[in-house]
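The values are calculated or read from the model by the stated rules, or taken from the named source; none is laboratory data. Please read all numbers here as calculations on a predicted model, not as lab measurements. No Cβ is skipped: glycine too gets one built from the backbone with ideal geometry, and neighbour counts run over all protein chains shown.
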Amino acid sequence: MGLLAILLFVLIFILILKGYPVAFTLGGVSILFALIIMYVRPDVIRFADFYLLPSRFMGTIQNSMLMAVPLFIFMGIMLEKSGLASSLLETMAILFGKFKGGLAVSVIIVGALLAASTGIVGATVVTMGLISLPTMLKRGYRPELATGVIASSGTLGQIIPPSVVLILLAEQISSSSRGGNGVDVGMMFQAALFPGFLLVVAYIVYVLVISHLKPEWAPSMPQVEIDNLKGDGFMWKVIRAFILPMLLILAVLGSIFAGIASPTEAAAVGAMGATLLTILQKSFNLGVLKDVMRQTMNLTAMVFWILLGATTFTLVFRTLGGDHYLIQLINNADLSPYMFLAIVMVVVFIAGFFIDFIEIIFIFVPVITPIFNAYDIDMLWVGILLAMNLQTSFLTPPFGFSLFYLKGVAPPEITTSQLYRGIIPFIIIQVIFMALIIIFPSILYLFL
């Protein structure tokens, strides 16, 4: 029966790669598979086992941890509509433009701030691509450097909290763990904060080094142009474009880290704060509100449908003894914990080429969590590694989703090969950071 559970997992994975809807594939195939086995072997799966599904569904729907998802999605989409990215980039360009590589540094900082404000990778990459790529090319930046900076900084939303990826990882690890080995969303945010910050610093250091070695790749802006951009009321521009978003980030993350608010309550603060920022940017109207609410509902519905399908899959997989079978296989193979971790990371990395991070989390995490628990491995550490792995997969040619997003909004003269060449240094930085987290897991506990 354990072998049949593995067959179910492989079958679902193949069908998803073929392009079938994830939510209905997870739930529908699992139920059909269970019904066939119930007909052939009624002693293995009974109708009574399906009685657990409604209670599991309601437990998922009522999970207070997941209430943060629609609120953070609302916050991210509202900030995207506010025009904040454009104001931020213009302000950062004025502050750093006189340095070689200053505009690229500005893009990285804005990407990090948007990541901490929105947590939505696709929206950040597209927004940054539309706003900053034409400007960088016009200023004489090498296309490879410009596209690499935009794609890499846009995917920081995977690892910098508040991230939807981290919320879903925490929820799935907690629901799949036994014996109290779950992970809290607040803990996940705190553990990801320092690695995310170091990653931003590493990107900036790389840009400054390459700008020094090859100054023609990243020329500085003329002082006259910077003076023209400043104009009247520059300080108010800086306050409105930089300080206000920082206050929003501090309100959301600070309230979680200080223990004042739960992640869900902090998400509500963030949603209201994003709305107020949009009003201050004079970008708010009834049409914008309707559009934000519609997009929030669509994305939330997609997440929860996939989650309900994953709940069905997990029930059938465990009823067939799939988790015990995998643990037994690994014990018989005499794999070390690090060897199993390496296998998981490679499989998740490759899967990230073909399917979205939400689908990967809901398919893989319920299967691997019991095995990591059997090894007595810290699931907080594993969760951060998975988040960074997915971020790296999003950047890696030829299937990286971020590259597709950027190519879709890039000028026609930007070639695919330029995108691929430009992103390689940032992938190397990501891999180095994953290795550092594996070797020095204490990095994650500096803010815990």
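Numbers for the structure displayed
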| item | result |
| --- | --- |
| Residue within region 165-179 that is of a type outside the set (S, T, Y), surrounded by fewer than 19 Cβ atoms within 10 Å (Cβ to Cβ) and either touching a Pro at 6+ places or on another chain (Cβ under 7 Å) or modelled with pLDDT under 85 (or both) present | yes |
| Failed item, numbered, when G287 is tested on (1) crowded, with 18+ Cβ neighbours inside 10 Å; (2) over 24 Å from I160 (Cβ atoms) | (1) |
| Residue in region 379-392 that is over 20 Å from S174 (Cβ atoms), out of contact with any Asp or Glu (no Cβ under 8 Å at 6 or more places or on another chain) and in a helix (DSSP H, G or I) present | yes |
| Extreme residue, nearest to the chain's Cα centre (by Cα), among residues of region 390-411 that are β-branched (V, I, T) and under 11 Å from F349 (Cα atoms) | T392 |
| Residue tally, condition at pLDDT 90 or above, among the aliphatic types (A, V, I, L, M) and either surrounded by 18 or more Cβ atoms within 10 Å (Cβ to Cβ) or closer than 23 Å to L79 by Cα (or both), over region 205-248 | 2 |
| Lone qualifier among K81, K138, K98 - being free of Cβ contacts under 8 Å to residues at least 12 places away in the same chain, farther than 26 Å from N389 by Cα and surrounded by fewer than 24 Cβ atoms within 10 Å (Cβ to Cβ) | K138 |
| Residue ID - modelled with the highest pLDDT, chosen from residues in region 316-351 that are crowded, with 18+ Cβ neighbours inside 10 Å and in contact with a Gly (Cβ under 8 Å, 6 or more places away or on another chain) | L320 |
| Answer from A104, A116 - the residue that is at pLDDT below 75 and surrounded by 23 or more Cβ atoms within 10 Å (Cβ to Cβ) | A116 |
| Verdict on F404 being in a loop (DSSP other than H, G, I, E, B), of a type outside the set (A, V, I, L, M) and modelled with pLDDT under 90 | no |
| Members of region 319-352 that are charged (D, E, K, R) and in contact (Cβ under 8 Å) with a residue 12 or more places away in the chain | D323 |
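Listed here are the residues, each with its yes/no results for (1) modelled with pLDDT under 85; (2) in contact with a Lys or Arg (Cβ under 6 Å, 6 or more places away or on another chain); (3) assigned to a helix (DSSP H, G or I).
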| residue | (1), (2), (3) |
| --- | --- |
| P397 | yes, no, no |
| E413 | no, no, no |
| Q418 | no, no, yes |
| R421 | no, no, yes |
| Q430 | no, no, yes |
| A435 | no, no, yes |
